[in-house]
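Read through the structure below, which is laid out as structure tokens, and then see the notes.
Just so it is clear, none of the values below were taken in a lab; they were calculated from the coordinates. This is a predicted model, so every value here is computed, not measured. In this analysis, Cβ positions are derived from the backbone assuming ideal geometry, glycine residues included, and neighbour counts consider all displayed protein chains.
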Amino acid sequence: MSIVTGYAFDPMVGDPDDHRPGTVWSVLADAGGGDGRVDDLVAIVERIGAGEAIPLHVHRVSEVIFVHGPGVQRLGDEQRVVGNGDVVFIPAGTPHGLRNTGTTALSIEAVFPTDRIWLRYLERNPAPGTEADEPSRPFTVLVRTGEVIPDPPEADA
């Protein structure tokens, strides 16, 4: 068990598929302590810049998002207006994305039931110079180390 305090936010810049210069985020996992460690939950705390959006993507696990402001949540083919205090439950395998429709940063927290998050982008917020590229191959992020493991090409078969 641990309590995470004073975490730092990193800018969402440089990712060829999700470049959002007005957005900051922090990825959090239990560092553990004398009472053990929670390995099956991680959280993302994000402040989405005004007018910016998390591109449409999919995970192999379910996700829950706590929303603290105005936005439009995409779930599959559906778009729904969300607001302060809404909680969005996203089933595994459901394409989803979130756009900030406000004039200030939209704060959210997302919780995943794993510390290994698989991700496949269906749309992009391309980094400068990558506008013509296709989305990256699906990959897994090992949250505790930050390591990114691309899916092998044979995973497409």
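Based on Cα contacts under 8 Å between residues 6+ apart, the chain shows a relative contact order of 25 percent.
Normalised by 2.2 N^0.38 Å, where N counts its residues, the alpha-carbon radius of gyration of the stretch 1-87 equals 1.25.
The value for the chain of Rg(Cα) / (2.2 N^0.38 Å) is 1.04.
I'd like to know which of L56, T103, A43 lies farthest towards the positive end of the charge dipole of the chain, counting +1 on Cβ of Lys and Arg and -1 on Cβ of Asp and Glu. Looking along the dipole axis, the top candidate is T103. A full extension of the chain between T101 and S26 corresponds to an added length of 24.9 nm, given 0.36 nm per residue minus the alpha carbon distance. For a modelled paramagnetic label at D40, 7 Å from Cα along Cα-to-Cβ, the residues of the stretch 54-69 in reach, with backbone nitrogen under 19 Å, are 60-65.
Once Lys and Arg get +1 and Asp and Glu get -1 on their Cβ, which of G69, V27, G93 lies farthest toward the positive end of the dipole of the stretch 19-157? Working it through, the farthest residue towards the positive pole turns out to be G69. Under the rule of at least 5 residues apart or a separate chain, name every residue whose amide H is placed under 5 Å from the amide H of V82. It is G71, V72, Q73, by chain and number.
Mind listing which chymotrypsin sites (Phe, Trp or Tyr not before Pro) in the stretch 27-136 are in a DSSP loop and have 13 or fewer other Cβ atoms within 10 Å? Within the stretch 27-136, no chymotrypsin sites (Phe, Trp or Tyr not before Pro) qualify (loop, at most 13 other Cβ atoms within 10 Å). Listed values for the stretch 48-60 are Karplus-derived 3J(HN,Hα) couplings in whole Hz (6.51 cos²θ - 1.76 cosθ + 1.60, θ = phi - 60°), namely 7, x, 3, x, 8, 9, 6, x, 4, 7, 9, 10, 8, and x replaces Gly and Pro.
Dipole check for the stretch 10-156: with +1 at the C-beta of Lys and Arg, -1 at the C-beta of Asp and Glu, and the Cα centre as origin, the magnitude is about 340 Debye.
Placing R0 at 22 angstrom, the Cβ-Cβ distance between L122 and V61 gives a FRET efficiency of 0.85 after rounding to 0.05.
Across the stretch 131-147, rounded Karplus estimates of 3J(HN,Hα) from the backbone phi angles (6.51 cos²θ - 1.76 cosθ + 1.60, θ = phi - 60°) give 4, 8, 6, 6, x, 4, 4, x, 8, 10, 9, 8, 4, 5, 10, x, 5 Hz, Gly and Pro being marked x. Model label sites at D77 and V148, defined 7 Å from Cα along the beta-carbon direction, differ in position by 3.2 nm. If a/c stays under 1.5 just call it rounded; otherwise compare a/b with b/c (prolate if a/b is bigger, oblate if not). Do that for the stretch 89-157, with a ≥ b ≥ c from the square roots of the Cα gyration tensor eigenvalues. Since a/c reaches 1.5 but b/c is at least a/b, the shape of the stretch 89-157 is classed as oblate.
Between P70, P128, P91, the GNM of the chain built on Cα springs shorter than 10 angstrom shows P128 fluctuating the most.
Based on the Cβ-Cβ distance of A50 and M1, what FRET efficiency does E = 1/(1 + (r/R0)^6) give at R0 = 41 Å, to the nearest 0.05? With R0 = 41 Å, the Cβ-Cβ based efficiency is 0.65. When you filter the GluC sites (Glu not before Pro) in the stretch 70-157 for DSSP loop state and at most 15 other Cβ atoms inside 10 Å of their Cβ, you are left with E131. Site-free segments of the chain were taken between trypsin sites (Lys or Arg not before Pro) in DSSP loops having at most 16 other Cβ atoms within 10 Å, sites themselves excluded; the longest one is 61-143.
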